[in-house]
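Structure record follows, encoded as structure tokens.
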Amino acid sequence: MKNLEMNRINKKLQGDKKLLSIYFSAGYPDIDDTVTIIQDLEKNGVDMIEIGLPFSDPLADGPTIQESSTQALKNGMTTNLLFNQLENIRETVEIPLIIMGYFNPMLQYGVEAFCKKCQDIGIDGLIIPDLPVDVYNEQYKTTFEKYGLTNVFLITPQTSVERIRFIDSISNGFIYMVSSASVTGSNSGFGKEQTQYFKRIADMNLKNPQIIGFGISNNETFTQATQYAKGAIIGSAFIKHLTTKGVGKISQFVRDIIN
Amino acid sequence: MVMEYNIDEKGYYGEFGGAYIPEMLYPNVEELRQNYLKVMADPSFKEEFDQLLKDYVGRPSPLYLAKRLSEKYNTKIYLKREDLNHTGAHKVNNTIGQILMAQRLGKKRIIAETGAGQHGVATATVCALMGMECIVYMGEIDIARQAPNVARMKMLGAKVVPALSGSRTLKDATNEAIRDWINNPVDTHYIIGSVVGPHPYPDMVARFQAVVSEEMQWQLQEKEGRSTPDYVVACVGGGSNAAGAFYHYLEDTNVKLIAVEAAGKGIHSGESAATSVLGKEGIIHGSKTLLMQTNDGQITEPYSISAGLDYPGVGPMHAHLYKTGRAEFISITDDEAMTAGLRLSKLEGIIPAIETSHSLAILDQKNFKPDDVVIINLSGRGDKDLQNYIDYFKL
């Protein structure tokens, strides 16, 4: 736990600011865009970044992230290449960096080797949607902690109170709150049902702050979500922006969200 | 009896299995896990399941002594005639079981994935039978390749949705079905077609298919005065017909199990589906098992002339049977399978599905003894493959 106290994520979570976190697929639109995108996001006031490690079969993602992931793989992205690209990232970037990816590529790299490499580079945490809580707890928790990595778990509107309490008890950063029963990239705005769910979770007074993701796409949804939570994560909307406007217009996207 | 080869209480076969699923799926899978054994043990469930298997599917399927085939190979070969089931394959045993399960869990909407369309047809069939909404995900490429089965599903009232992502085949159809389930967590049941996916699916599907070996036991008793053969042979894509054929013999090591995989154009040709040889341990569709993948952990696209065998993984039960050596795994090429399919047609008047032809092809490789009793699971009929046979043999 000693390592984690120094973690950039925990420091960031301590302030009063509502946090904007951005997700993108590493190696998209072009293979060499990874570092530029990270630097530009920080420069424009983004608080935290989730770097997507592309996977051939991203079960929890909608079409936008699937396509960017597929394109990144076609561009030649691999786990090793991503680590190479990020080798000197801490010379220029200070905000928390999280790698988000599916479990199989990490398993093939070797979980311990993967964690060690993350620590060497200065990655602060991991989000692995298909690594179940119980398997993490029994098999990998010690390894993650050894390398100072925060592992972030998801909860959804269907997650039981009991399970939320359990997830809270084994988390040591923030809880990734999935806004609705959906894959990533649905953006119809938040209705009453969702705001009630946001409120219900806020009222649980969990030990870990919550950051809301899935369905955040503009200033309105960002504001709504951060009324109830510490921050919000935007993925698909940002990737769409990269697809249509290119990597040169990141400032415009971030400005529109934070306004 | 110690269960060495069946599932443990945590949902693993040895080191394989488990439920590696996103949190969004947890409530759905957990609901199923908590209920499936209870539901299956309920006498009213058993009664309805058995009744439908008998009157609707046409079970028991015959155990047929193939005389001419036996003479040719100088051994005693029985064929378990799953090809005679309604819809033409073993797949319907599972879809009948799962639709009854879905009803008892109060589900209103059914989703399924399909590759060649056999499981899709079997699912559409039981949905028509029960008057339930049915959505079948099918890779865009498979839709083009398997037009007759697409038409069947539509005629049965199902909606066929093309999977447009990734390689646009079975694994992507499975991804789409899983995404649908994430988006519809309350009213929907996902009928997986093989012994794959997160626990409890591999076990549940194996139990529904177990009727195959249950019948073999008493049928063989009637014919041979013994309930156990020397060999049981079945082909493996995901592995549901093999799981059913092996199930009641798993712990009896006097019965030798042979799992037959598709070598495609040759195991090392780059166009193959021989997962036991080419696969490595990893995670696919929520299960820890053997799968074909790059060094980087990206799942690769398998190939076989048989659309039912080109899945990049195998069910966790089979990964365990392979790893422990409990089952012998043999790979059969496209050419060997096609030849064996034509041979069975001419010798016994039975046109097998190309999947099943792979099982028959091992007769040329294994030297069975004259007094061996060999059961080959004839998992499906070849009607759906006629065009393939015609093109291949220029008939």
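The values are calculated or read from the model by the stated rules, or taken from the named source; none is laboratory data. Remember, it's a predicted structure, so these values are computed and weren't measured experimentally. Reconstructed Cβ throughout: ideal geometry from the backbone, glycine too, with neighbour counts over all protein chains shown.
Which one of B:TYR26, B:TYR36 is touching a Pro at 6+ places or on another chain (Cβ under 9 Å), more than 14 Å from chain A (Cβ to nearest Cβ), closer than 30 Å to B:GLY282 by Cβ and not aliphatic (A, V, I, L, M)?
Answer to the check: B:TYR36.
For residues in segment A:108-150 being aromatic (Phe, Trp, Tyr) and within 25 Å of A:VAL93 (Cβ to Cβ), which is farthest from the chain's Cα centre (by Cα)?
A:TYR109
Of everything in segment B:54-83 that's assigned to a loop (DSSP other than H, G, I, E, B) and farther than 14 Å from B:GLN209 by Cα, which residue is farthest from the chain's Cα centre (by Cα)?
The extreme case among them is B:ASN74.
Scan segment A:108-123 and give yes if some residue there is under 23 Å from B:ALA19 (Cβ atoms), modelled with pLDDT under 95 and of a type outside the set (Gly, Ala, Ser), otherwise no.
No, segment A:108-123 contains no residue that is under 23 Å from B:ALA19 (Cβ atoms), modelled with pLDDT under 95 and of a type outside the set (Gly, Ala, Ser).
Residues being more than 7 Å from chain B (Cβ to nearest Cβ), buried (at least 23 other Cβ atoms within 10 Å of the Cβ) and not hydrophobic (A, V, I, L, M, F, W, C): count how many of those fall in segment A:51-78.
So the answer is 6.
Just the residues that are under 16 Å from A:GLY62 (Cα atoms) and within 13 Å of chain B (Cβ to nearest Cβ), please, taken from segment A:184-194.
A:THR184, A:GLY185, A:SER186, A:SER188, listed by residue number.
Restricting attention to segment A:79-101, does a residue exist that is touching a Pro at 6+ places or on another chain (Cβ under 6 Å), within 11 Å of chain B (Cβ to nearest Cβ), within 17 Å of A:THR150 (Cα to Cα) and buried (at least 24 other Cβ atoms within 10 Å of the Cβ)?
no
Within the bounds of segment B:353-363, is there any residue that is of a type in the set (Asp, Glu), closer than 26 Å to B:LYS67 by Cα and out of contact with any Ser or Thr (no Cβ under 9 Å at 6 or more places or on another chain)?
Within segment B:353-363, not a single residue is of a type in the set (Asp, Glu), closer than 26 Å to B:LYS67 by Cα and out of contact with any Ser or Thr (no Cβ under 9 Å at 6 or more places or on another chain).
Quick check, is A:ASP57 over 18 Å from A:ILE22 (Cα atoms) and charged (D, E, K, R)?
Answer is yes for this residue.
Only one of these is away from chain A (no Cβ under 14 Å), in a strand (DSSP E or B) and either farther than 15 Å from B:VAL195 by Cβ or hydrophobic (A, V, I, L, M, F, W, C) (or both): B:ILE330, B:ILE305. Name it.
Answer to the selection: B:ILE330.
So for segment A:117-129 (the condition being in contact (Cβ under 8 Å) with a residue 24 or more places away in the chain, at the interface with another protein chain (Cβ under 8 Å from one of its Cβ atoms) and closer than 30 Å to A:LYS43 by Cβ), does at least one residue qualify?
Yes, that holds for at least one residue.
Out of B:GLY131, B:GLY117, report the one residue that is crowded, with 17+ Cβ neighbours inside 10 Å and on the phi > 0 side of the Ramachandran plot.
B:GLY117
Within the bounds of segment A:196-212, is there any residue that is more than 20 Å from the chain's Cα centre (by Cα), more than 14 Å from every other protein chain (Cβ to nearest Cβ) and among the acidic types (Asp, Glu)?
yes
Those residues that are at the interface with another protein chain (Cβ under 9 Å from one of its Cβ atoms), farther than 21 Å from B:LYS107 by Cβ and in contact with a His (Cβ under 7 Å, 6 or more places away or on another chain), I need them from segment B:1-23; list them, please.
Once the filter is applied, which keeps residues that are at the interface with another protein chain (Cβ under 9 Å from one of its Cβ atoms), farther than 21 Å from B:LYS107 by Cβ and in contact with a His (Cβ under 7 Å, 6 or more places away or on another chain), segment B:1-23 yields only B:GLY18.
Of all residues in segment A:112-132, which are touching a helix residue (DSSP H, G or I) at 6+ places or on another chain (Cβ under 6 Å) and part of a helix (DSSP H, G or I)?
Within segment A:112-132, A:GLU112, A:PHE114, A:CYS115, A:LYS117, A:ILE121 qualify.
Could you tell me whether any residue of segment A:163-183 is over 25 Å from A:ASP57 (Cα atoms), surrounded by 13 or more Cβ atoms within 10 Å (Cβ to Cβ), within 12 Å of another protein chain (Cβ to nearest Cβ) and of a type in the set (Lys, Arg)?
Looking through segment A:163-183, at least one residue is over 25 Å from A:ASP57 (Cα atoms), surrounded by 13 or more Cβ atoms within 10 Å (Cβ to Cβ), within 12 Å of another protein chain (Cβ to nearest Cβ) and of a type in the set (Lys, Arg).
Applying the selection to segment A:90-108, what residues are in contact with a Lys or Arg (Cβ under 8 Å, 6 or more places away or on another chain) and part of a helix (DSSP H, G or I)?
Matches in segment A:90-108: A:GLN108 only.
Can you name every residue in segment B:84-94 that is part of a helix (DSSP H, G or I) and farther than 15 Å from B:ALA243 by Cα?
B:LEU84, B:HIS86, B:THR87, B:GLY88
Limited to segment B:336-388, what total is found for residues that are among the polar types (S, T, N, Q), more than 20 Å from B:VAL212 (Cβ to Cβ) and touching a residue at least 12 places away in the same chain (Cβ under 8 Å)?
4
In segment B:147-164, how many are surrounded by fewer than 24 Cβ atoms within 10 Å (Cβ to Cβ) and part of a loop (DSSP other than H, G, I, E, B)?
3
Mind checking whether some residue in segment B:43-50 is more than 24 Å from B:ASP203 (Cβ to Cβ), without any contact (Cβ under 8 Å) to a residue 24 or more places away in the chain and surrounded by fewer than 21 Cβ atoms within 10 Å (Cβ to Cβ)?
No, the conditions are met nowhere in segment B:43-50.
Restricting attention to strands (runs of 3 or more DSSP E) lying wholly within segment B:169-281, give those where 1 or more residues are buried (at least 19 other Cβ atoms within 10 Å of the Cβ) and within 14 Å of another protein chain (Cβ to nearest Cβ).
B:188-191
A:ILE38: at pLDDT 95 or above, within 15 Å of the chain's Cα centre (by Cα) and assigned to a helix (DSSP H, G or I), yes or no?
Considered against the rule, which asks whether it is at pLDDT 95 or above, within 15 Å of the chain's Cα centre (by Cα) and assigned to a helix (DSSP H, G or I), A:ILE38 comes out as yes.
Residues B:VAL186, B:VAL205, B:VAL196: which one is under 24 Å from B:ALA163 (Cα atoms), of a type outside the set (D, E, K, R) and at pLDDT below 95?
Only one candidate qualifies: B:VAL186.
Taking the criterion of being without any contact (Cβ under 8 Å) to a residue 12 or more places away in the chain and away from every other protein chain (no Cβ under 11 Å), would at least one residue in segment A:136-156 satisfy it?
Yes: one or more hits.
If you go through segment B:140-168 one residue at a time, how many are on the phi > 0 side of the Ramachandran plot and away from chain A (no Cβ under 14 Å)?
Residues in segment B:140-168 being on the phi > 0 side of the Ramachandran plot and away from chain A (no Cβ under 14 Å): 1 in total.
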